[in-house]
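Here is the structure we will look at, set down as C-alpha coordinates.
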Amino acid sequence: MSNYHPLNEAEAIQIARTISGHFDKEGELVCREIGDGNLNLVFHVSQPSSGRSLIVKQALPYAKVVGESWPLSLDRARIESEALILQERLASGLVPKVYHADHELALTIMEDLSSHAIMRQGLIDGGVYPKFADDISDFLAKTLFFTSDLGMNQQEKKLLARSFANPDLCKITEDLIFDHPYTDADTNSFDPHLQADAERLWSDAELHLEVAILREKFLTHAQALLHGDLHTGSIFITPESTKVIDPEFAYFGPIGFDVGAVIANLLLHYASQEHWSADETARVERRQYLIKTIREIWVGFERKFRGLWDEHGTDRIAKTPGYKDLYLRNLLQDTIGYTGAKMVRRIVGLAHVADIDRIPDPAVRAKAQRLALAIGTNLIKRNRQLASIEQLIDIADSAAKA
Ligand code: SR1
Ligand code: MG
(Lines give C-alpha, C1' and ligand atoms only; values in the text may rest on other atoms or scores of the structure.)
(Ligands and ions follow the chains in the order given, each with its own letter.)
Protein backbone atom coordinates (compact mmCIF):
# COMPACT_ATOMS: atom_id res chain seq x y z
CA MET A 1 0.00 0.00 0.00
CA SER A 2 1.58 3.26 -1.08
CA ASN A 3 2.28 5.90 1.51
CA TYR A 4 1.85 8.61 -1.15
CA HIS A 5 -0.25 11.67 -0.42
CA PRO A 6 0.30 15.32 -1.30
CA LEU A 7 2.15 16.99 1.57
CA ASN A 8 0.98 20.01 3.49
CA GLU A 9 3.39 22.63 4.79
CA ALA A 10 3.64 21.10 8.28
CA GLU A 11 4.55 17.71 6.80
CA ALA A 12 7.14 19.32 4.51
CA ILE A 13 8.76 20.82 7.62
CA GLN A 14 8.78 17.42 9.36
CA ILE A 15 10.48 15.80 6.38
CA ALA A 16 12.98 18.65 6.01
CA ARG A 17 14.00 18.12 9.66
CA THR A 18 15.15 14.59 8.81
CA ILE A 19 18.01 15.92 6.63
CA SER A 20 20.76 15.40 9.11
CA GLY A 21 23.04 18.33 9.91
CA HIS A 22 21.19 20.79 7.65
CA PHE A 23 19.23 22.78 10.23
CA ASP A 24 20.05 23.62 13.86
CA LYS A 25 18.18 21.23 16.15
CA GLU A 26 16.45 23.96 18.16
CA GLY A 27 15.49 26.70 15.67
CA GLU A 28 11.96 26.97 14.32
CA LEU A 29 11.35 26.10 10.64
CA VAL A 30 8.96 27.99 8.38
CA CYS A 31 7.51 26.74 5.11
CA ARG A 32 5.82 28.23 2.04
CA GLU A 33 4.46 26.38 -0.99
CA ILE A 34 5.98 28.32 -3.90
CA GLY A 35 5.31 26.05 -6.89
CA ASP A 36 4.32 28.13 -9.89
CA GLY A 37 5.09 25.52 -12.57
CA ASN A 38 2.68 23.30 -14.43
CA LEU A 39 3.09 20.02 -12.56
CA ASN A 40 4.40 19.92 -8.96
CA LEU A 41 4.28 21.16 -5.38
CA VAL A 42 7.39 23.05 -4.29
CA PHE A 43 7.92 23.79 -0.59
CA HIS A 44 10.52 26.31 0.54
CA VAL A 45 11.57 25.39 4.08
CA SER A 46 13.78 27.82 5.99
CA GLN A 47 15.13 28.44 9.47
CA PRO A 48 15.30 32.18 10.20
CA SER A 49 17.60 31.67 13.20
CA SER A 50 20.35 29.91 11.20
CA GLY A 51 19.60 31.40 7.77
CA ARG A 52 19.53 27.86 6.34
CA SER A 53 16.95 26.60 3.86
CA LEU A 54 16.12 23.86 1.39
CA ILE A 55 13.50 22.85 -1.18
CA VAL A 56 11.09 19.92 -0.92
CA LYS A 57 9.68 19.23 -4.38
CA GLN A 58 6.82 16.76 -4.68
CA ALA A 59 5.16 15.41 -7.82
CA LEU A 60 1.37 15.40 -7.99
CA PRO A 61 -0.36 12.43 -9.65
CA TYR A 62 -1.84 14.74 -12.31
CA ALA A 63 -0.83 17.79 -14.36
CA LYS A 64 -1.50 20.75 -12.04
CA VAL A 65 -1.92 23.10 -15.01
CA VAL A 66 -4.91 21.10 -16.29
CA GLY A 67 -6.27 19.30 -13.21
CA GLU A 68 -7.00 15.76 -12.05
CA SER A 69 -8.45 14.85 -15.46
CA TRP A 70 -4.84 14.58 -16.74
CA PRO A 71 -3.19 11.83 -14.66
CA LEU A 72 0.60 11.66 -14.62
CA SER A 73 2.97 9.03 -13.29
CA LEU A 74 4.67 9.80 -9.98
CA ASP A 75 7.72 7.94 -11.27
CA ARG A 76 8.80 11.24 -12.79
CA ALA A 77 10.02 12.27 -9.32
CA ARG A 78 12.44 9.32 -9.27
CA ILE A 79 13.52 10.19 -12.81
CA GLU A 80 14.10 13.80 -11.80
CA SER A 81 16.19 12.97 -8.73
CA GLU A 82 18.24 10.34 -10.58
CA ALA A 83 18.81 12.71 -13.50
CA LEU A 84 19.98 15.46 -11.13
CA ILE A 85 22.42 13.09 -9.44
CA LEU A 86 23.81 11.92 -12.79
CA GLN A 87 24.01 15.47 -14.18
CA GLU A 88 25.92 16.59 -11.07
CA ARG A 89 28.44 13.81 -11.71
CA LEU A 90 28.83 14.77 -15.39
CA ALA A 91 28.56 18.57 -15.18
CA SER A 92 29.48 19.35 -11.61
CA GLY A 93 28.16 22.58 -10.07
CA LEU A 94 25.55 23.17 -12.78
CA VAL A 95 22.56 21.55 -11.02
CA PRO A 96 21.17 21.84 -7.47
CA LYS A 97 22.56 19.41 -4.89
CA VAL A 98 20.18 16.57 -4.01
CA TYR A 99 20.01 15.92 -0.25
CA HIS A 100 17.46 13.13 -0.27
CA ALA A 101 14.86 11.45 -2.50
CA ASP A 102 11.79 9.48 -1.40
CA HIS A 103 10.36 7.62 -4.39
CA GLU A 104 7.22 6.51 -2.54
CA LEU A 105 6.30 10.06 -1.61
CA ALA A 106 7.54 11.19 -5.07
CA LEU A 107 9.71 13.90 -3.56
CA THR A 108 13.20 15.28 -3.84
CA ILE A 109 14.84 17.40 -1.18
CA MET A 110 17.41 19.69 -2.70
CA GLU A 111 19.50 22.81 -2.48
CA ASP A 112 17.58 26.08 -2.22
CA LEU A 113 18.59 28.38 -5.07
CA SER A 114 16.62 31.43 -3.95
CA SER A 115 19.81 33.46 -4.28
CA HIS A 116 19.36 32.97 -8.05
CA ALA A 117 16.60 34.25 -10.34
CA ILE A 118 14.53 32.10 -12.67
CA MET A 119 16.18 32.97 -15.96
CA ARG A 120 12.91 33.74 -17.76
CA GLN A 121 12.08 36.41 -15.16
CA GLY A 122 15.70 37.58 -15.07
CA LEU A 123 15.61 38.19 -18.81
CA ILE A 124 12.24 39.95 -18.60
CA ASP A 125 13.81 42.24 -15.97
CA GLY A 126 16.60 43.06 -18.44
CA GLY A 127 19.26 40.81 -16.87
CA VAL A 128 22.58 40.18 -18.60
CA TYR A 129 24.34 36.88 -17.91
CA PRO A 130 27.93 36.87 -19.15
CA LYS A 131 28.67 33.34 -17.90
CA PHE A 132 25.53 31.71 -19.21
CA ALA A 133 26.68 30.64 -22.69
CA ASP A 134 29.80 28.99 -21.31
CA ASP A 135 27.91 27.26 -18.48
CA ILE A 136 24.98 25.98 -20.53
CA SER A 137 27.20 24.81 -23.40
CA ASP A 138 29.24 22.94 -20.79
CA PHE A 139 26.11 21.38 -19.30
CA LEU A 140 24.83 20.37 -22.73
CA ALA A 141 28.12 19.01 -24.08
CA LYS A 142 28.98 16.98 -20.96
CA THR A 143 25.57 15.57 -20.05
CA LEU A 144 24.73 14.71 -23.66
CA PHE A 145 28.11 13.38 -24.80
CA PHE A 146 28.70 11.18 -21.75
CA THR A 147 25.24 9.57 -21.94
CA SER A 148 25.48 8.91 -25.69
CA ASP A 149 26.88 5.84 -27.43
CA LEU A 150 29.93 7.98 -28.19
CA GLY A 151 30.85 8.60 -24.58
CA MET A 152 29.62 5.64 -22.53
CA ASN A 153 29.56 1.87 -22.67
CA GLN A 154 26.86 0.97 -25.18
CA GLN A 155 25.40 -1.93 -23.19
CA GLU A 156 25.27 0.14 -20.01
CA LYS A 157 23.54 2.88 -21.98
CA LYS A 158 20.76 0.48 -22.96
CA LEU A 159 20.25 -0.46 -19.31
CA LEU A 160 20.30 3.18 -18.26
CA ALA A 161 17.74 4.00 -20.97
CA ARG A 162 15.43 1.43 -19.38
CA SER A 163 15.40 3.28 -16.07
CA PHE A 164 14.74 6.56 -17.88
CA ALA A 165 11.74 5.36 -19.88
CA ASN A 166 9.40 8.24 -19.21
CA PRO A 167 6.24 7.51 -21.22
CA ASP A 168 3.80 9.93 -19.55
CA LEU A 169 6.06 12.92 -19.81
CA CYS A 170 7.19 12.02 -23.34
CA LYS A 171 3.50 11.80 -24.30
CA ILE A 172 3.03 15.41 -23.12
CA THR A 173 5.83 16.49 -25.45
CA GLU A 174 4.66 14.32 -28.34
CA ASP A 175 1.17 15.84 -28.10
CA LEU A 176 1.85 19.41 -27.06
CA ILE A 177 4.89 20.07 -29.26
CA PHE A 178 4.65 17.69 -32.20
CA ASP A 179 0.92 17.30 -32.78
CA HIS A 180 -1.62 19.67 -31.25
CA PRO A 181 -0.24 23.01 -32.55
CA TYR A 182 -0.73 21.65 -36.09
CA THR A 183 -4.41 20.78 -35.76
CA ASP A 184 -7.50 22.27 -34.15
CA ALA A 185 -6.88 20.48 -30.83
CA ASP A 186 -8.83 21.19 -27.63
CA THR A 187 -5.63 21.75 -25.68
CA ASN A 188 -4.53 24.62 -27.91
CA SER A 189 -4.80 28.06 -26.42
CA PHE A 190 -4.17 31.32 -28.21
CA ASP A 191 -5.39 34.88 -28.40
CA PRO A 192 -8.42 35.31 -30.72
CA HIS A 193 -6.35 37.68 -32.91
CA LEU A 194 -4.19 34.65 -33.85
CA GLN A 195 -7.08 32.57 -35.27
CA ALA A 196 -6.00 33.00 -38.92
CA ASP A 197 -2.32 32.40 -38.01
CA ALA A 198 -3.27 29.17 -36.22
CA GLU A 199 -5.41 28.03 -39.15
CA ARG A 200 -2.43 28.55 -41.45
CA LEU A 201 -0.38 26.25 -39.21
CA TRP A 202 -3.13 23.62 -39.33
CA SER A 203 -3.17 23.48 -43.14
CA ASP A 204 0.51 23.88 -44.02
CA ALA A 205 1.53 20.53 -45.51
CA GLU A 206 5.17 21.54 -45.99
CA LEU A 207 5.38 22.41 -42.29
CA HIS A 208 3.61 19.18 -41.27
CA LEU A 209 6.13 17.08 -43.18
CA GLU A 210 9.04 18.59 -41.24
CA VAL A 211 7.18 18.31 -37.92
CA ALA A 212 6.51 14.63 -38.69
CA ILE A 213 10.26 14.07 -39.22
CA LEU A 214 11.16 15.89 -35.99
CA ARG A 215 8.47 13.96 -34.13
CA GLU A 216 9.75 10.64 -35.46
CA LYS A 217 13.25 11.48 -34.24
CA PHE A 218 11.86 12.44 -30.84
CA LEU A 219 10.05 9.08 -30.69
CA THR A 220 12.88 6.87 -31.92
CA HIS A 221 16.31 8.50 -31.81
CA ALA A 222 17.65 7.51 -28.36
CA GLN A 223 20.91 9.44 -28.78
CA ALA A 224 21.55 10.58 -25.20
CA LEU A 225 19.88 11.25 -21.86
CA LEU A 226 18.11 14.56 -22.37
CA HIS A 227 16.99 17.06 -19.76
CA GLY A 228 13.82 17.07 -21.83
CA ASP A 229 12.37 20.47 -20.88
CA LEU A 230 15.30 22.88 -20.95
CA HIS A 231 13.50 26.22 -21.22
CA THR A 232 14.52 29.38 -19.36
CA GLY A 233 12.03 28.55 -16.59
CA SER A 234 14.17 25.46 -15.89
CA ILE A 235 17.29 27.54 -15.26
CA PHE A 236 18.25 29.41 -12.11
CA ILE A 237 20.76 32.14 -12.78
CA THR A 238 22.93 35.00 -11.52
CA PRO A 239 25.61 36.79 -13.53
CA GLU A 240 28.16 34.41 -11.96
CA SER A 241 26.26 31.14 -11.70
CA THR A 242 23.93 28.86 -13.69
CA LYS A 243 21.92 25.95 -12.27
CA VAL A 244 19.73 23.72 -14.41
CA ILE A 245 16.67 22.40 -12.56
CA ASP A 246 13.56 20.27 -13.19
CA PRO A 247 14.73 17.33 -15.36
CA GLU A 248 11.47 15.43 -14.82
CA PHE A 249 11.07 15.08 -18.61
CA ALA A 250 14.46 13.30 -18.85
CA TYR A 251 14.59 10.39 -21.31
CA PHE A 252 16.87 9.09 -24.07
CA GLY A 253 16.13 11.19 -27.14
CA PRO A 254 17.70 13.35 -29.87
CA ILE A 255 20.42 15.67 -28.60
CA GLY A 256 19.19 18.61 -30.68
CA PHE A 257 15.98 18.68 -28.64
CA ASP A 258 17.83 19.99 -25.56
CA VAL A 259 20.06 22.41 -27.45
CA GLY A 260 17.05 23.66 -29.42
CA ALA A 261 15.05 24.20 -26.23
CA VAL A 262 17.59 26.70 -24.91
CA ILE A 263 17.86 28.57 -28.22
CA ALA A 264 14.06 28.62 -28.70
CA ASN A 265 13.51 30.29 -25.36
CA LEU A 266 16.14 32.93 -26.09
CA LEU A 267 14.41 33.57 -29.43
CA LEU A 268 11.00 33.80 -27.76
CA HIS A 269 12.52 36.43 -25.53
CA TYR A 270 13.99 38.07 -28.65
CA ALA A 271 10.48 38.24 -30.12
CA SER A 272 9.09 39.66 -26.86
CA GLN A 273 11.37 42.69 -27.16
CA GLU A 274 8.55 44.28 -29.14
CA HIS A 275 7.40 45.19 -25.63
CA TRP A 276 10.20 44.84 -23.07
CA SER A 277 12.66 47.22 -24.75
CA ALA A 278 12.00 50.90 -24.13
CA ASP A 279 12.70 52.05 -27.70
CA GLU A 280 14.13 50.93 -31.02
CA THR A 281 17.77 51.48 -29.99
CA ALA A 282 17.31 49.43 -26.82
CA ARG A 283 15.48 46.73 -28.79
CA VAL A 284 18.29 46.38 -31.32
CA GLU A 285 20.88 46.23 -28.53
CA ARG A 286 18.95 43.67 -26.52
CA ARG A 287 18.42 41.50 -29.57
CA GLN A 288 22.12 41.69 -30.40
CA TYR A 289 22.89 40.47 -26.89
CA LEU A 290 20.50 37.53 -27.27
CA ILE A 291 21.91 36.64 -30.70
CA LYS A 292 25.47 36.83 -29.37
CA THR A 293 24.44 34.45 -26.57
CA ILE A 294 22.85 32.01 -29.03
CA ARG A 295 25.97 32.05 -31.21
CA GLU A 296 28.24 31.48 -28.20
CA ILE A 297 26.06 28.61 -26.98
CA TRP A 298 26.18 26.75 -30.28
CA VAL A 299 29.88 27.46 -30.96
CA GLY A 300 30.82 26.53 -27.36
CA PHE A 301 28.66 23.41 -27.43
CA GLU A 302 30.10 22.22 -30.73
CA ARG A 303 33.70 22.89 -29.68
CA LYS A 304 33.25 21.11 -26.35
CA PHE A 305 31.33 18.17 -27.84
CA ARG A 306 34.07 17.69 -30.46
CA GLY A 307 36.73 17.95 -27.75
CA LEU A 308 35.01 15.30 -25.60
CA TRP A 309 34.70 13.06 -28.68
CA ASP A 310 38.45 13.35 -29.37
CA GLU A 311 39.48 12.89 -25.77
CA HIS A 312 36.93 10.40 -24.41
CA GLY A 313 35.32 8.77 -27.48
CA THR A 314 34.69 5.09 -26.65
CA ASP A 315 33.64 3.91 -30.09
CA ARG A 316 36.38 2.82 -32.53
CA ILE A 317 34.29 3.09 -35.69
CA ALA A 318 33.11 6.59 -34.67
CA LYS A 319 36.68 7.76 -35.26
CA THR A 320 36.21 7.18 -39.02
CA PRO A 321 37.21 10.40 -40.81
CA GLY A 322 34.19 12.50 -41.74
CA TYR A 323 31.78 10.86 -39.28
CA LYS A 324 32.14 13.48 -36.55
CA ASP A 325 31.48 16.31 -39.04
CA LEU A 326 28.42 14.55 -40.38
CA TYR A 327 27.13 13.87 -36.84
CA LEU A 328 27.55 17.52 -35.84
CA ARG A 329 25.88 18.70 -39.03
CA ASN A 330 22.85 16.49 -38.37
CA LEU A 331 22.85 17.66 -34.77
CA LEU A 332 22.80 21.31 -35.86
CA GLN A 333 19.91 20.65 -38.23
CA ASP A 334 17.97 18.86 -35.48
CA THR A 335 18.72 21.75 -33.14
CA ILE A 336 17.33 24.22 -35.68
CA GLY A 337 14.19 22.15 -36.27
CA TYR A 338 13.51 21.64 -32.56
CA THR A 339 14.15 25.34 -31.90
CA GLY A 340 11.35 26.13 -34.34
CA ALA A 341 8.97 23.51 -32.91
CA LYS A 342 9.53 24.78 -29.37
CA MET A 343 8.75 28.33 -30.46
CA VAL A 344 5.53 27.53 -32.28
CA ARG A 345 4.09 25.47 -29.38
CA ARG A 346 4.56 28.40 -26.96
CA ILE A 347 2.37 30.68 -29.11
CA VAL A 348 -0.59 28.47 -30.05
CA GLY A 349 -0.28 25.40 -27.78
CA LEU A 350 -1.33 24.72 -24.21
CA ALA A 351 1.67 26.12 -22.32
CA HIS A 352 2.95 29.60 -23.09
CA VAL A 353 5.82 31.80 -21.92
CA ALA A 354 5.52 34.85 -19.68
CA ASP A 355 7.92 36.84 -21.88
CA ILE A 356 5.13 37.06 -24.48
CA ASP A 357 1.92 36.45 -22.51
CA ARG A 358 2.65 39.30 -20.14
CA ILE A 359 2.79 41.91 -22.91
CA PRO A 360 -0.25 44.00 -21.96
CA ASP A 361 -1.06 45.72 -25.27
CA PRO A 362 -2.78 43.16 -27.56
CA ALA A 363 -1.41 44.79 -30.73
CA VAL A 364 2.16 44.68 -29.45
CA ARG A 365 1.64 41.15 -28.15
CA ALA A 366 0.31 40.09 -31.56
CA LYS A 367 3.42 41.53 -33.23
CA ALA A 368 5.69 39.55 -30.89
CA GLN A 369 3.61 36.39 -31.34
CA ARG A 370 3.67 36.68 -35.15
CA LEU A 371 7.41 37.27 -35.08
CA ALA A 372 7.90 34.13 -32.96
CA LEU A 373 5.67 32.16 -35.35
CA ALA A 374 7.52 33.49 -38.41
CA ILE A 375 10.92 32.54 -36.96
CA GLY A 376 9.66 29.20 -35.66
CA THR A 377 7.94 28.04 -38.84
CA ASN A 378 10.90 29.12 -40.98
CA LEU A 379 13.33 27.18 -38.80
CA ILE A 380 11.14 24.09 -38.95
CA LYS A 381 10.71 24.26 -42.71
CA ARG A 382 14.36 24.94 -43.48
CA ASN A 383 16.17 22.88 -40.84
CA ARG A 384 17.30 20.13 -43.20
CA GLN A 385 18.85 22.62 -45.64
CA LEU A 386 20.87 24.66 -43.13
CA ALA A 387 24.51 24.14 -42.29
CA SER A 388 25.50 26.86 -39.84
CA ILE A 389 24.24 28.68 -36.78
CA GLU A 390 24.65 31.94 -38.75
CA GLN A 391 21.78 30.82 -40.99
CA LEU A 392 19.51 30.42 -37.95
CA ILE A 393 20.56 33.89 -36.83
CA ASP A 394 19.83 35.33 -40.31
CA ILE A 395 16.33 33.84 -40.22
CA ALA A 396 15.63 35.48 -36.84
CA ASP A 397 17.11 38.85 -37.77
CA SER A 398 15.42 38.96 -41.20
CA ALA A 399 12.04 38.16 -39.63
CA ALA A 400 12.51 40.92 -37.05
CA LYS A 401 13.35 43.45 -39.80
CA ALA A 402 10.45 42.40 -42.08
C1 SR1 B 1 1.08 19.78 -19.08
S2 SR1 B 1 2.69 20.35 -18.88
C3 SR1 B 1 2.93 21.62 -20.03
C4 SR1 B 1 4.35 21.97 -20.25
O5 SR1 B 1 4.97 22.33 -19.04
C6 SR1 B 1 6.26 21.76 -18.98
O7 SR1 B 1 7.21 22.66 -18.54
C8 SR1 B 1 6.56 21.22 -20.36
O9 SR1 B 1 7.16 22.17 -21.21
C10 SR1 B 1 5.20 20.84 -20.81
O11 SR1 B 1 5.08 20.70 -22.19
MG1 MG C 1 9.35 22.03 -15.34
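Overview of results
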{"item": "Of residues in the range 229-261 being of a type in the set (Phe, Trp, Tyr) and more than 16 Å from Glu82 (Cβ to Cβ), the one nearest to ligand 1 (Cβ to nearest atom)", "result": "Phe257"}
{"item": "Close pairs (9 angstrom Cβ cut-off, 6 or more residues apart or separate chains): more than 15 Å from Arg120 (Cα to Cα) in the range 240-252, away from ligand 1 (no atom under 11 Å from the Cβ) and of a type in the set (Val, Ile, Thr) anywhere", "result": "Pro247/Ile79; Pro247/Val95; Glu248/Ile79; Phe249/Ile79; Ala250/Ile79; Tyr251/Ile79; Phe252/Thr147"}
{"item": "Extreme residue, farthest from Ser81 (Cα to Cα), among residues of the range 190-228 that are under 20 Å from the mean Cα position of the chain (by Cα) and not in a helix (DSSP H, G or I)", "result": "His221"}
{"item": "Members of the range 382-392 that are part of a helix (DSSP H, G or I) and either buried (at least 18 other Cβ atoms within 10 Å of the Cβ) or modelled with pLDDT under 95 (or both)", "result": "Asn383, Ile389, Leu392"}
{"item": "Qualifying residue in the range 4-11 (condition: within 24 Å of Lys243 (Cα to Cα) and either over 19 Å from the mean Cα position of the chain (by Cα) or modelled with pLDDT of 95 or more (or both))", "result": "no"}
{"item": "Failed item in (1) β-branched (Val, Ile, Thr); (2) closer than 25 Å to Leu207 by Cα; (3) without any contact (Cβ under 8 Å) to a residue 60 or more places away in the chain, with Thr320 passing the rest", "result": "(2)"}
{"item": "Options Asp36, Asp24: the member that is assigned to a loop (DSSP other than H, G, I, E, B) and within 16 Å of ligand 1 (Cβ to nearest atom)", "result": "Asp36"}
{"item": "Test: Trp276 is at pLDDT below 95, in contact with a Gly (Cβ under 9 Å, 6 or more places away or on another chain) and farther than 29 Å from Leu41 by Cα", "result": "yes"}
{"item": "Boolean, Glu216 is more than 16 Å from ligand 2 (Cβ to nearest atom), surrounded by fewer than 19 Cβ atoms within 10 Å (Cβ to Cβ) and under 27 Å from Asp315 (Cβ atoms)", "result": "yes"}
{"item": "Options Ile79, Ile55, Ile34, Ile15: the member that is more than 18 Å from the chain's Cα centre (by Cα), closer than 30 Å to Lys142 by Cβ and in contact (Cβ under 8 Å) with a residue 40 or more places away in the chain", "result": "Ile55"}
{"item": "Positions within the range 268-291 being more than 16 Å from ligand 1 (Cβ to nearest atom), hydrophobic (A, V, I, L, M, F, W, C) and assigned to a helix (DSSP H, G or I), in sequence order", "result": "Ala271, Trp276, Ala282, Val284, Leu290, Ile291"}
{"item": "Criterion: within 22 Å of His231 (Cα to Cα), surrounded by 17 or more Cβ atoms within 10 Å (Cβ to Cβ) and out of contact with any helix residue (DSSP H, G or I) (no Cβ under 7 Å at 6 or more places or on another chain) - qualifying residue of Ser46, Ser81", "result": "Ser81"}
{"item": "Residues of the range 95-112 satisfying the condition of being surrounded by 20 or more Cβ atoms within 10 Å (Cβ to Cβ) and either small (Gly, Ala, Ser) or touching a strand residue (DSSP E or B) at 6+ places or on another chain (Cβ under 6 Å) (or both)", "result": "Val95, Pro96, Ala106, Leu107, Thr108, Ile109, Met110"}
{"item": "So Gly233, is it at positive phi and surrounded by 15 or more Cβ atoms within 10 Å (Cβ to Cβ)", "result": "no"}
{"item": "Boolean, Leu123 is of a type outside the set (Val, Ile, Thr) and under 19 Å from the mean Cα position of the chain (by Cα)", "result": "yes"}
{"item": "Among the residues listed as Arg306, Arg286, Arg295, the single one being away from ligand 2 (no atom under 16 Å from the Cβ), at pLDDT 95 or above, surrounded by 20 or more Cβ atoms within 10 Å (Cβ to Cβ) and among the basic types (Lys, Arg)", "result": "Arg286"}
{"item": "The range 159-189: number of residues that are out of contact with any Phe, Trp or Tyr (no Cβ under 7 Å at 6 or more places or on another chain), of a type in the set (S, T, N, Q) and in a loop (DSSP other than H, G, I, E, B)", "result": "3"}
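The values are calculated or read from the model by the stated rules, or taken from the named source; none is laboratory data. Computed from a predicted model, the values in this text were never measured in an experiment. Glycine also receives a Cβ, built like all others from the backbone with ideal geometry; neighbour counts cover every protein chain displayed.
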